[in-house]
Amino acid sequence: MFTVILLALLPVQESLQLPAILQEDVAVSEAWLTGIHQADLAARRASAEVILEALPHVEEREQAVFLLSVAGQGNFPGELAVSMHRLRGDWKDFVSFVQKSIRASAEEELFLVKGALFAAGILELSSPTTVESIAGRLNDSSTANFSRQALLRITQQEFSDWEQFGVWWEEAREEGRETWLRTASNEYRSLILQLWEQRLSSNPSDALQAIFAPIAGVRRLGYETMRSLESTSSEGQEGAEVQALRLAYQAEHSAELRQQLVSLIPRFLQGEDAMALLDQSLESSFPLERLEAAQVLQLIRPAEVALRGLIRGLGRAYLQDTVQKGASEEFRMALWTGLIGVSRELPTLREQLVGTTVNTILLNALEFEQYPAAREKAYEASGALGGTDFHPVLLPHVLQEERSLADRRSALEALTSIALASGDSTPVLEVLGQLLSHPEKELRYRAILCFRRLKNPEGLVELLPRLGVESEEFLILEILKSLSADSLPGALSALLEFTVTDGTRADFATALQSQVGESPQALTVALKVLEEREAWAFSLSLLETFSMDLVQEEQKSWVEKAHAKALASWLITAGDDLTDDSRVQDALARLLEMQEKYPEEKDWVQLHKALSGS
């Protein structure tokens, strides 16, 4: 039975999948695919919590496989310990499953083995056979760190290898002193950590000694405290912090602490000095260290140095390792994020990269990258760095129906970015025009947004016919928003022919005001149509925002009459008792004034009676 389970898990080593039943849950699937890979730590943890809260719906054995596998990967942002303790209570065979997994083949089931070691430590499985199985992994470089951490948690002893463990175990096993040793060690280490916390609180500079302490917890405190230190380096002279950082970089053996250590590099080192260390970390055997190095690369200054490091990292991932076994999904994602961030600080970078290796990296990424979040970033980078020579590459990604919606959407955004940078939007406008009538509403939505980004009058005019045929209200609202900036030829006519609904009323009013703009002629045209439709509220919104200083003298009387009629008619059709409203009094005063100025027009008397009720 156990052999069958392991065979079923083989794909986990290359690409861990969410349990099938959870893939059907949109929120959980989104959290797995993108949420746990966001830049913000709090957002990543929240997404991980969504996944873990849904996990009890999965069959117990599959839960165990998933928990051990993500633990073995070592970069899941959620609190796995709680889930493991919960599963131990729900499934009587969980401990047995962990014990068997520890003894599985590391070559075939590395993540499962690592996760089992992690779980053994979390669950504090202290039976002699389990402790021996864990220790048996000390001499295997691929599992030694997980084994060491599990033993530390169970026995509170640190072992460098099997031989050192054997010396201790020979006596400890026979005497059965595991619990005593663990309790005594906890008390001792707790006391040591308390003393160091007090020391570092009063003398933060002592962190430079703490990072060389034999106890990992003390070193962790040291690294954390170093974040508050200022660099004392001067030109030609490295400060004590830099010297300590270099020594610790060579000495630190904990994968978790190396991650902390790498995060300090941009604080105390810059330029090529920082890159000399980060380049080593980018090829570290510890995934967490590699990921941290990729994430902090973009912080190196000058930005040109960071750029070279990012390009080297992406080159390894997409030119030397096209099957992407060496670089994790999160690692590639971090490099793309860094490249896009650095590009914003180098305004001429697009021109500098024409015909360079970067173009080849982008092309390879668009062809081979399968991880959705990293693929989206590759498209974004194409838009940020690619030139017009990328048009023939990206256009098929937009137009081919067999492409995923995410690909088509991202490629369209990239084409729009290139068009904005080049100043030539002609090739994109044709594509956007085709997408406006596409049956997929998401593509219609993206096309409208891209038209708005481009701010091309010829392109925006293509939105006008959609007002009469678009069935989705949210897309109509986006079109109206696109017409709420500069006036466009034909836009006012299109708006005046549009049938307004309750949901589109506010955005329609804004678009109408924008298209009327400061043109008295446009105002007149709009008011006449609105009066025919008895759309008094929109008439008022135009009249109350239009400056009378722009109206020519011979038109002012017509505008005054239109204002008085629109205000009175709007109040009458409102249907409520508004006789005490100040606007009613204003309307009545206007009507009396119109009667005096234009007594031959009978409308004023009729409106006055209807409004005043007499």
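The values are calculated or read from the model by the stated rules, or taken from the named source; none is laboratory data. Quick caveat, the model's predicted, so the values are computed rather than measured. Neighbour counts run over all protein chains shown; Cβ positions are idealised from the backbone, glycine included. SASA here: full protein model, heavy atoms, side chains in, ligands and nucleic acids out. Shrake-Rupley method; radii C 1.70, N 1.55, O 1.52, S 1.80 Å.
Placing +1 at every Lys and Arg Cβ and -1 at every Asp and Glu Cβ, with all other atoms neutral, what dipole size does segment 158-283 have around its Cα centre, in debye to the nearest 20?
I would put it at about 420 debye.
Kindly write out, for segment 107-119 in residue order, the coupling ³J(HN,Hα) from the Karplus curve 6.51 cos²θ - 1.76 cosθ + 1.60 (θ = phi - 60°), rounded to whole Hz, with x marking Gly and Pro.
Coupling constants for segment 107-119: 5, 9, 9, 4, 5, 5, 5, 4, x, 5, 4, 4, 5 Hz.
Between HIS391, VAL358, THR426, whose Cα lies farthest towards the positive end of the dipole of segment 332-478 when Lys and Arg beta carbons carry +1 and Asp and Glu beta carbons carry -1, centred on the Cα centre?
VAL358
Using only the alpha carbons, work out the radius of gyration and Dmax of the chain in angstrom.
Rg then Dmax for the chain, in Å: 34.3, 118.
Amide H neighbours of SER233 under 5 Å, counting only residues 5+ apart in sequence or on other chains, H built in-plane at 1.01 Å?
GLY239
What does the accessible area per residue of the chain come to in Å², with a 1.4 Å probe and no ligands, DNA or RNA counted?
Value for the chain: 48 Å² per residue.
Too long at a 26 Å Cα-Cα cut-off: which of LYS92/LYS114; LYS561/LYS609; LYS528/LYS609; LYS481/LYS528; LYS114/LYS377?
Numbers: LYS92/LYS114 21 Å; LYS561/LYS609 17 Å; LYS528/LYS609 24 Å; LYS481/LYS528 24 Å; LYS114/LYS377 30 Å.
Cα-Cα > 26 Å for LYS114/LYS377; rest within.
Using helices alone, I'd like the mean residue ellipticity at 222 nm for the chain: each DSSP H run of four-plus residues gives -39500 (n - 2.57), total over residue count, nearest 500.
-21000 deg cm²/dmol
Only four residue types carry charge here, +1 at the Cβ of Lys and Arg and -1 at the Cβ of Asp and Glu. Report the dipole size of the chain about the Cα centre in Debye, rounded to the nearest 20.
The calculated dipole for the chain is roughly 920 debye.
Less than 12 Å Cβ to Cβ from ALA381, Lys/Arg counted +1 and Asp/Glu -1: what total charge do the surrounding residues give?
Here the count lands on +1.
For a quick check of understanding: with a 1.4 angstrom probe and all protein chains in place, what accessible area in square angstrom does MET548 have, to the nearest ten?
We get 70 Å² for MET548.
Quick one: accessible surface of ASP486, probe radius 1.4 Å, all protein chains present, in square angstrom to the nearest 10.
Probe radius 1.4 Å; accessible area of ASP486 about 120 Å².
Please report how far the C-alpha centroid of segment 425-482 lies from that of segment 546-613, rounded to the nearest whole angstrom.
39 Å
Express the C-alpha Rg of segment 33-124 as a ratio against the empirical globular expectation 2.2 N^0.38 Å, rounded to two decimals.
1.06
Once phi is turned into ³J(HN,Hα) by the Karplus curve 6.51 cos²θ - 1.76 cosθ + 1.60 with θ = phi - 60°, what whole-Hz value does each residue of segment 228-240 show in order, with x for glycine and proline?
8, 7, 9, 6, 9, 5, 10, 4, x, 9, 6, x, 4
In whole percent, how big is the carbon plus sulfur part of the accessible area of the chain, probe 1.4 Å, protein atoms only? Show your work: numbers first, answer last.
Details: 14810 of 29350 Å².
On the chain, the fraction of accessible area on carbon and sulfur atoms equals 50 percent.
I'd like the accessible area for ASP273: 1.4 Å probe, protein heavy atoms, all chains in place, Å² to the nearest 10.
Accessible area of ASP273: about 80 Å².
Under a 1.4 angstrom probe, counting protein chains only, how are HIS253, HIS438 ranked by accessible area, largest first?
HIS253, HIS438
If I model a spin label as a point 7 Å beyond the Cα along the Cα-Cβ vector, how far apart are those points for GLU283 and ARG583 in nm?
7.3 nm
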